[in-house]
Amino acid sequence: MNQTIETLLNHRSIRKFKEEPITETQLDTIISAAQQASTSSYMMAYTIMGVTDEAKKAKLAEITGQGYVKNNGHLMIFCADLYRHTLHATPEQYEQMLSNLENSEHFLVSAIDAALAAQNAAIAAESMGLGICYIGSIRNQLDKVDEILGLPKHVIPLFGMVLGVPDHQPDKKPRLPKQAVYFENEYNREHHAELQAFDQTIAEYYQSRQTNTRNDSWTDQMLRRFTNPMRMDVTGIVKKKGFNKQ
């Protein structure tokens, strides 16, 4: 097994960091790695916002409800970005572009481009001995995050990432078995047994981990998540920003 595979398989979310920023060299390398991610039709339809202003970080920490959004080595927000693609357009060309800018296809393209870049950044950071944690909770108040970052139309924040020197080593969280996520040629609609086995695995993990033990299963977590309305304002904000309107 090579070092890259070991880095990938050893991933865990880090939520506590030492009080030291990452270096400019580290940041440049991480951004360069992010930029080398695959991108649909060479669009590079994303922007990475580095947040170093302490007041802005404090506001984002309040929105997310997570203190480590403020206390970390560096904070980045990954955005879907189709704005730069319009910069050289005449008013007439812009009108012609709108149906593409606002359709579901290009919302998916820009979101996937951003996610691919982020995962490259994460792997690069972890390969340097840094820790990372994705921050989906910026979508708790997406409109406020958009305002804090001063984003134009056709640019929307998707998720954040904190990174820095780890100050703890959490237990590695189990993943679903291969048989529940990889099917050949046709979707397997009946993989209850695999989920039941995983429920037992995750229940044992929650009971044995070093902190925050609890009685829970994966399927119960998913039932709770999808039976309770969550971030129902996101659709409207996405459309207001000029994405996924048709």
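Towards the positive end of the charge dipole of the chain, with charges on Cβ (+1 Lys, Arg; -1 Asp, Glu), say which of 218, 88, 162 has the farthest Cα.
The residue sitting farthest along the positive end of the dipole is 218.
Running a GNM on the chain with Cα contacts under 10 Å, which residue among 47, 219, 39 ends up with the highest mean-square fluctuation?
Judging by the Gaussian network model, the answer is 219.
Give, in nm to one decimal, the length gained when the segment between residue 220 and residue 153 is fully stretched (0.36 nm per residue of separation minus the Cα-Cα distance).
Details: separation 67, 0.36 × 67 = 24.12 nm, distance 3.85 nm.
Result: 20.3 nm gained on full extension.
Return one number: the angle in degrees, 0 to 90 and rounded to the nearest 10, between the long axis of the Cα atoms of helix 192-208 and the longest principal axis of the Cα atoms of the chain.
80 degrees
Return the FRET efficiency for the residue pair residue 84, residue 19: r is the Cβ-Cβ distance, R0 is 45 Å, and the value is rounded to the nearest 0.05.
0.80
Report the calculated FRET efficiency for residue 235 and residue 169 (r = Cβ-Cβ distance, R0 = 41 Å), to the nearest 0.05.
0.60
Kindly express, to the nearest 10 degrees and within the range 0 to 90, the angle between helix 91-101's C-alpha long axis and the longest C-alpha principal axis of the chain.
20 degrees
In the structure shown, do any of 59/239; 70/173; 59/144; 18/173 have a Cα-Cα gap over 19 Å, and if so which?
Long pairs (Cα-Cα over 19 Å): 59/239; 70/173; 18/173.
By counting other Cβ atoms within 10 Å of each Cβ, how are 189, 84, 15 ranked from fewest to most?
Numbers: 189 7, 84 14, 15 18.
The fewest-first ordering by Cβ neighbours comes to 189, 84, 15.
Could you derive backbone 3J(HN,Hα) for segment 7-17 from the dihedral phi with the Karplus parameters 6.51, -1.76 and 1.60 (θ = phi - 60°), listing whole Hz in sequence and x where the residue is Gly or Pro?
4, 4, 6, 9, 4, 8, 6, 9, 10, 9, 10
What's the exposure ranking of 182, 94, 68, going from fewest to most Cβ atoms within 10 Å?
The most exposed by this proxy come first: 182, 94, 68.
Mind checking the angle between helix 104-127 and the chain's longest principal axis? C-alpha axes, 0 to 90 degrees, to the nearest 10.
50 degrees
Sort 1, 230, 128 by Cβ crowding within 10 Å, fewest neighbours at the top.
Starting with the residue having the fewest Cβ neighbours, the order is 1, 230, 128.
Can you figure out the FRET efficiency of residue 227 with residue 8, using R₀ = 30 Å and their beta-carbon distance, to the nearest 0.05?
Values: r = 33 Å, r/R0 = 1.10.
E(calc), rounded to 0.05, equals 0.35.
Quick check: net charge around residue 101, other residues with Cβ under 10 Å of its Cβ, Lys/Arg +1 and Asp/Glu -1?
Details: positive: 153, 245; negative: 102.
Neighbour charge sum, excluding residue 101 itself: +1.
If the elastic network links every pair of Cα atoms under 10 Å, which of 184, 105, 147 fluctuates the most in the Gaussian network model of the chain?
With Cα springs under 10 Å in the chain, the top fluctuation among 184, 105, 147 is at 184.
Taken together, the values in this text are just the output of simple stated rules run on the coordinates, not laboratory data. Computed from a prediction, not measured in an experiment: that's the story for all the values here. No Cβ is skipped: glycine too gets one built from the backbone with ideal geometry, and neighbour counts run over all protein chains shown.
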